[in-house]
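The values are calculated or read from the model by the stated rules, or taken from the named source; none is laboratory data. What you see is a predicted model; the values in this text were computed from it and never measured. So basically every Cβ, Gly included, is an ideal-geometry build from the backbone, and we count neighbours across all protein chains shown. All accessible areas refer to the heavy atoms of the entire protein, side chains included, with ligands and DNA or RNA removed. Shrake-Rupley method; radii C 1.70, N 1.55, O 1.52, S 1.80 Å.
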Amino acid sequence: MPVPQLDDDKVRVIRWDFEPGAETGFHRHGWLYVVVPMMDGTLHIEFPDGSTTEAQLKAGVAYSRPAGVEHNVVNAGPGPLSFVETEVKAWPG
């Protein structure tokens, strides 16, 4: 599942590899994060209040979410799915 790529005082980069039906487990993002899918796929996303949504991923098309997001992410597609997630810990400048 998660494979750390880089973790320093400014960013954390993790590659996630999911087989069909695999999930992250509920977690909360403490920092703004950016996801870059490695392949097309479908995510089923569950929230603590019981609501859900589906997200269609396109290889190479990045998206971001703010700090504080809490969810469980499930590979809802028929094949493996991989993406790289970068959490931004610090804003230098």
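Here are some notes:
- With every protein chain in place, the chain: carbon and sulfur % of accessible area (1.4 Å): 57
- Whole-percent pair-distance distribution, where bins are 10 Å wide, for the alpha carbons of the stretch 1-88: 18, 54, 27, 2
- Per residue, the chain exposes an accessible area of 57 Å² to a 1.4 Å probe, with every protein chain left in place.
- Charge sum, other residues only, whose C-beta stays under 13 Å from P92's C-beta, Lys/Arg counted +1 and Asp/Glu -1: 0
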